[in-house]
Amino acid sequence: MMPHLLTRSLDRGASIFLLVVAACGILIPLSNLLLPAGSALQVPTYLVALWGKYVCYAILALSIDLIWGYCGILSLGHGAFFALGGYAMGMYLMRQIGTRGVYGNPLLPDFMVFLNYAKLPWYWHGFDMFWFAALMVLVVPGLLAFGFGWLAFRSRVTGVYLSIITQAMTYALLLAFFRNDFGFGGNNGLTDFKDILGFNVQAEGTRAALFALSCLSLIIAFLICRAVVTSKLGKVLIAIRDAESRTRFLGYRVESYKLFVFTLSACMAGVAGALYVPQVGIINPSEFAPGNSIEAVIWVAVGGRGTLVGAALGAVVVNYAKTFFTSGLLAPYWLFMLGALFVLVTLLLPKGIIGTFNSWWDQLSTKTPNAESAAREDGVTEPKMAE
């Protein structure tokens, strides 16, 4: 039943997107590992890590598009779920350092020894096991989203007010994680990772495997989103987006639908953060900054809200532009360029890149067949005149 639902939910654009991601997930690691250094087709290790970061951002953009593009929930705090997933993975990676740290403490991370911690805090227990950390990557963002969403949606907070309180939530977490006595490294965060599942994090093979795993996770996240938005549940979500009051009057429990999709989206963002940390090598409170969540919303707007493919594309395009422009003379002006990009897209391409392309393609498709053949395909025939 589930495979049939997934295949039925794929159109031509979605299939092409999945093929491209799968091809990148296979060919880029093979190029990095098998081809000799200096070859024209060999992908350097630093590019593998950089593109892996882009793929993690694409998963985050998908999670935002699921709630904003299809349910009308504009969250300006999804960076919090992304960061929480990253911290869960970072805690596991810190526990793997052991005696190889600066202070050689087999139990306490270096920053705890420096801050004179007497023992390991209770919420760090269990993170020496990968399965527990992987579970927390889903549970912690999911629980926060469920609790926050239950309070917000039950109180029927919508629109700009919901956006403001999501931004307040991530800012509160930013301030909390900056504290040294909070037990997460304070301003410096978690870094100096050594191993993941026994493999050196800095090794070329490990980075290639992490990139392939990120691409696989993007494919799975995309399939889950497509399955949701093309099902009966997805139709209800779209109805909530377009006319929430009318949907409620028809007897649907709007709060339950919004709570489910919001929690699912938060779990996806947590997975993106968990894949992001070992490839970047650090996680600190700056990931909670409200500006990061706003920037993620811009990715979705640029690529195309309510298209899924556009959200992932927007994340890659905007972050590639960020990498390109922030490495030269235009670095101090990047935020102005990002704001101008959002304004221009809103005015000139309100449907985003993919949304505008789809509109143009639909217009061309409707002009190609004549009216009679189009009507015949729809099973509608013109009534004949009575003789």
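The values are calculated or read from the model by the stated rules, or taken from the named source; none is laboratory data. Note that the structure is a prediction, hence the values are computed from the model and not measured. Positions of Cβ are backbone-derived with ideal geometry, glycine not excepted, and every protein chain shown enters the neighbour counts. Ligands, DNA and RNA are stripped out before the accessible areas are found, and what is left, the full protein with its side chains, is counted by its heavy atoms. Shrake-Rupley method; radii C 1.70, N 1.55, O 1.52, S 1.80 Å.
Observations on the structure shown:
- Between 366, 206, 307, the Gaussian network model of the chain with springs among Cα atoms under 10 angstrom shows the greatest mean-square fluctuation at 366.
- Helical segments meeting 18 Å axial Cα length and Kyte-Doolittle -0.5 threshold in the chain (DSSP H): 12-34, 45-71, 78-95, 130-154, 159-177, 204-229, 254-280, 290-303, 309-325, 334-348, 352-367
- Sum of -39500 (n - 2.57) over DSSP H runs of 4+, divided by residues of the chain (222 nm, nearest 500): -22500 deg cm²/dmol
- Fluctuation leader among 52, 183, 198 - the chain, Gaussian network, Cα springs under 10 angstrom: 198
- For the residues 227, 203, 311, a GNM of the chain with alpha-carbon springs under 10 Å puts the largest fluctuation on 203.
- Shown are 78, 125, whose ranking by accessible area with a 1.4 Å probe and every protein chain present, most to least, is 125, 78.
- For the range 88-145: rounded, prolate or oblate by the Cα gyration tensor [a/c cutoff 1.5]: prolate
- Think of the range 140-245 as having a plus end and a minus end, set by charges on the Cβ of Lys, Arg, Asp and Glu; of 168, 157, 141, 157 sits farthest toward the positive end of this dipole.
- Each distinct pair of alpha carbons in the range 56-120 adds a 1/r term; the inverse of their mean, the Kirkwood radius, is 14.3 Å.
- Range in the chain, longest, excluding exposed trypsin sites (Lys or Arg not before Pro) [loop by DSSP; at most 15 other beta-carbon atoms within 10 Å]: 254-383
- Pairs of Cα atoms farther than 39 Å apart, the chain, %: 22
- Debye, to nearest 20: dipole size of the range 165-269, +1 on Lys, Arg Cβ, -1 on Asp, Glu Cβ: 620
- For the range 116-253, the fraction of alpha-carbon pairs lying more than 21 Å apart is 66 percent, rounded to a whole number.
- Cα gyration tensor shape for the range 234-342, rounded if a/c is under 1.5, else prolate or oblate: prolate
- Considering only alpha-carbon pairs that sit under 8 angstrom and 6 or more positions apart, the relative contact order computed for the chain is 30 percent.
- Length added when fully stretched, residue 100-residue 125, from 0.36 nm per residue minus Cα-Cα: 7.1 nm
- Rounded, prolate or oblate (a/c below 1.5 giving rounded, otherwise prolate when a/b exceeds b/c) for the range 246-310 by Cα gyration tensor: prolate
- For the range 77-125 and the range 195-233, distance of Cα centres in Å: 24
- Percent accessible area from carbon and sulfur atoms, the chain, protein chains only, probe 1.4 Å: 67
- Semi-axis lengths, Å, the range 92-185, gyration tensor of Cα atoms, sqrt of 5 times eigenvalues: 34, 16, 9
- Around the Cα centre of the chain, unit charges on the Cβ atoms of Lys, Arg, Asp and Glu (plus for the first two, minus for the last two) sum to a dipole of about 520 debye.
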